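A short worksheet on the structure shown next.
The values are calculated or read from the model by the stated rules, or taken from the named source; none is laboratory data. Predicted model only: the values in this text are computed from it and were never measured. All Cβ positions, glycine included, derive from the backbone under ideal geometry; neighbour counts span all protein chains shown. Note: accessible area is taken over every heavy atom of the protein model, side chains too, but ligands, DNA and RNA are not part of it. Shrake-Rupley method; radii C 1.70, N 1.55, O 1.52, S 1.80 Å.
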Amino acid sequence: MATSDEVKYLGLHFNTNLRFTKQADTVISSASKRMYVLRRFSALGADSNLVTQSCKSFIESRFDIVLFYFLNICTAIRDRI
């Protein structure tokens, strides 16, 4: 089995120091792309309620999923120590 300084597991990026900087960069990049789409959508005169709901669906959901996995992984690591 090969060793690596960084691994992606269940969509989360980990490195040997258990730092999540790569994961944060990935999520921020993804959210920025989605925000661009929502800004364009809003600029075309979309209803503000629709833009708000789209933001919750496309952006906030990404942060919620990452936070859920992060907290569960940290708990599992803490329990092993």
| Among the residues of region 23-37, how many are charged (D, E, K, R) and within 9 Å of the chain's Cα centre (by Cα)? | 1
| task | Return a yes/no flag: does region 2-17 have any residue that is touching a strand residue (DSSP E or B) at 6+ places or on another chain (Cβ under 9 Å), without any contact (Cβ under 8 Å) to a residue 40 or more places away in the chain and open to solvent by 100 Å² or more (accessible area, probe 1.4 Å). | result | yes
| field | region 23-40, subset in contact with a strand residue (DSSP E or B) (Cβ under 9 Å, 6 or more places away or on another chain) and surrounded by 15 or more Cβ atoms within 10 Å (Cβ to Cβ), residue modelled with the highest pLDDT | value | Thr26
